[in-house]
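K.L.:
Questions regarding the structure given below will be posed in turn.
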Amino acid sequence: MKKAILVSACLLGRPCRYDGASKPCPAVQALAEKYDVIPVCPESMGGLVIPRLPSEQRGEGVYSKSGQDVTAAFFRGAALTLEAARKHNVAFAVLKARSPSCGHGEVYDGSFTGTLRPGNGVAAELLMQNGIPVYHEGELDFLPSDGE
């Protein structure tokens with residue numbers, strides 16, 4: 001039986017990004033050969049519509065480009081993502097880099113200028129706080145070889 005992993009749905013080709021597009025990543029899609037892939041989109045799971053204005057983290061919150069506070073939706077989506085991880089007993093997660101929900105290691109700084117800062121997305125941070133390793137699509141070489 002294959003081990004389960006969470007994967008950002010946009011990396012699998014699902015059009016759930018803020019702009020209504022996807023970011024299919026063939027290397028991530030190929031993980032389905034070895035793992036039971038559980039697609040997640042914390043932002044849409046949290047109730048945000050597709051398409052929507054882009055959002056970025058600023059301070060303790062998350063705000064859309066128009067200034068709307070969307071923090072509650074991001075935290076709701078993160079909680080539902082953690083729930084899915086626990087339900088499926090996932091070994092780890094592969095999430096979309098730089099995303100305000102899924103980013104691992106760096107996220108946009110809240111200025112909407114394309115500037116990155118060290119940090120993690122809301123869902124990625126919650127997963128890690130609960131012992132679930134998180135990687136982004138640029139870190140596939142670092143995945144555990146046995147899924148553990």
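K.L.:
Given (1) without any contact (Cβ under 8 Å) to a residue 60 or more places away in the chain; (2) at positive phi, identify the lone condition not met by ASN89.
P.N.:
Among (1) without any contact (Cβ under 8 Å) to a residue 60 or more places away in the chain; (2) at positive phi, ASN89 violates only (1).
K.L.:
Further, regarding this structure: Can you tell me how many residues in segment 56-115 are part of a strand (DSSP E or B), in contact with a Gly (Cβ under 6 Å, 6 or more places away or on another chain) and of a type outside the set (Asp, Glu)?
P.N.:
3
K.L.:
In segment 1-11, how many residues are within 12 Å of the chain's Cα centre (by Cα) and either under 12 Å from HIS88 (Cβ atoms) or surrounded by fewer than 21 Cβ atoms within 10 Å (Cβ to Cβ) (or both)?
P.N.:
2
K.L.:
Of the residues VAL62, VAL122, which is touching a residue at least 40 places away in the same chain (Cβ under 8 Å), more than 16 Å from TYR135 (Cα to Cα) and of a type in the set (Val, Ile, Thr)?
P.N.:
VAL62
K.L.:
Additional query: Count, please, the residues in segment 14-30 that happen to be of a type in the set (Gly, Ala, Ser) and within 14 Å of the chain's Cα centre (by Cα).
P.N.:
Summing the residues that are of a type in the set (Gly, Ala, Ser) and within 14 Å of the chain's Cα centre (by Cα) in segment 14-30 gives 1.
K.L.:
Next question, about the same structure. Taking the condition of being part of a loop (DSSP other than H, G, I, E, B) and either in contact (Cβ under 8 Å) with a residue 40 or more places away in the chain or surrounded by fewer than 20 Cβ atoms within 10 Å (Cβ to Cβ) (or both), how many residues in segment 18-40 meet it?
P.N.:
9
K.L.:
Further, regarding this structure: Can you tell me how many residues in segment 89-148 are over 14 Å from the mean Cα position of the chain (by Cα) and among the β-branched types (Val, Ile, Thr)?
P.N.:
The number of residues fulfilling the criteria is 3.
K.L.:
Look at LEU48 and say whether it is touching a residue at least 24 places away in the same chain (Cβ under 8 Å), under 15 Å from the mean Cα position of the chain (by Cα) and either in a helix (DSSP H, G or I) or buried (at least 18 other Cβ atoms within 10 Å of the Cβ) (or both).
P.N.:
Yes; evaluated as a whole, the condition is true for this residue.
Bear in mind these aren't lab numbers, they're just calculated from the coordinates by the rules spelled out. All of these numbers come straight from a predicted model, not from anything done at the bench. Don't worry about glycine lacking a Cβ; one is built from the backbone with ideal geometry, like all the others, and counts go over all protein chains shown.
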